[in-house]
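My structure is below; once you've seen it, I'll send some questions.
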C-alpha cells in the first residue's frame, strides 16, 4: 500500500466482493454464498499503517437458494432484522515486505465482538487506490450462531474477500 499516498479511502462496492463457504450435510456438501451489500472506508497514514471499517449487510446474503437465504437471515443464523450489519473494524494494518498486509481488528456478528487477525495480499496498488485479497476462517459458534440440526454443520466458515479501495473524492 505504500505506493498510494496517505489519505482517506472508500470501498468501491462494484469492485469488491465478500463471500463465504461452509461444509454442511456432515461435510459432504459445501454451501457457498456472497453478500451483495458491502461498504467501508479507511485511512492510510504516512508511515504505511492504516485503519478503517468494513460493513456487510447481513440481509444481503445470497446462496442462490431463496429458502436457504431466508433461513440464514433468520434468528437461527444472522438474525438480520435485529442485527443488520456484520462489521470488521480495522484497528491496525501494517504492510510487510512480501506484498502482504497484517490486519488486526474486531469482527462483530449479531452484536458479539471478537478480535480477528488476518493476512491480506496486495493485489493492486496505484495512486488512485488499492485492492486487497484475503481469506480467513470464522468460528460461527463464537458469535452465537449455533443452529446445527442433526449435527449437519461442522467446523468454521471460510470467508474470502476482494476489497477495492479508491481515494476519497476521486
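The values are calculated or read from the model by the stated rules, or taken from the named source; none is laboratory data. In this text the structure is predicted, and so the values were computed from the model without any measurement. Cβ atoms come from the backbone with ideal geometry, glycine included; neighbour counts cover every protein chain shown.
The rows are residues; the columns are (1) under 23 Å from residue 15 (Cβ atoms); (2) assigned to a strand (DSSP E or B); (3) in contact with a helix residue (DSSP H, G or I) (Cβ under 9 Å, 6 or more places away or on another chain); (4) at pLDDT 90 or above.
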residue	(1), (2), (3), (4)
79	no, no, yes, yes
93	yes, yes, no, yes
121	yes, yes, no, yes
137	no, yes, no, yes
150	no, no, no, no
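Considering only residues that are within 25 Å of residue 158 (Cα to Cα) and either part of a strand (DSSP E or B) or in contact with a helix residue (DSSP H, G or I) (Cβ under 8 Å, 6 or more places away or on another chain) (or both), which ones fall in the stretch 5-19?
Within the stretch 5-19, 10, 11, 17, 18, 19 qualify.
If you don't mind, another one. Can you name the residue in the stretch 41-58 that is modelled with pLDDT of 95 or more and over 15 Å from residue 89 (Cβ atoms) and, of all such residues, is surrounded by the most Cβ atoms within 10 Å (Cβ to Cβ)?
Among them, the one singled out is 58.
Of the residues that make up the stretch 59-69, is at least one surrounded by 13 or more Cβ atoms within 10 Å (Cβ to Cβ) and in a strand (DSSP E or B)?
Narrowing the stretch 59-69 to residues surrounded by 13 or more Cβ atoms within 10 Å (Cβ to Cβ): 59-63, 68-69.
Then keep just the ones that are in a strand (DSSP E or B); that gives 61-62.
There is at least one residue in the stretch 59-69 that is surrounded by 13 or more Cβ atoms within 10 Å (Cβ to Cβ) and in a strand (DSSP E or B).
May I ask you to say which residue of 53, 101, 109 is under 25 Å from residue 166 (Cβ atoms) and either under 14 Å from the mean Cα position of the chain (by Cα) or free of Cβ contacts under 8 Å to residues at least 12 places away in the same chain (or both)? Let's see the steps before the verdict.
Numbers: 101 fails: either under 14 Å from the mean Cα position of the chain (by Cα) or free of Cβ contacts under 8 Å to residues at least 12 places away in the same chain (or both); 109 fails: under 25 Å from residue 166 (Cβ atoms).
One residue alone meets the criteria, 53.
Is it the case that residue 80 is surrounded by 13 or more Cβ atoms within 10 Å (Cβ to Cβ), more than 16 Å from residue 34 (Cβ to Cβ), without any contact (Cβ under 8 Å) to a residue 40 or more places away in the chain and under 17 Å from the mean Cα position of the chain (by Cα)?
no
Being at pLDDT below 85 and not in a strand (DSSP E or B) is the filter here; which residues of the stretch 24-40 pass it?
25, 26, 27, 28 - these are the residues of the stretch 24-40 that are at pLDDT below 85 and not in a strand (DSSP E or B).
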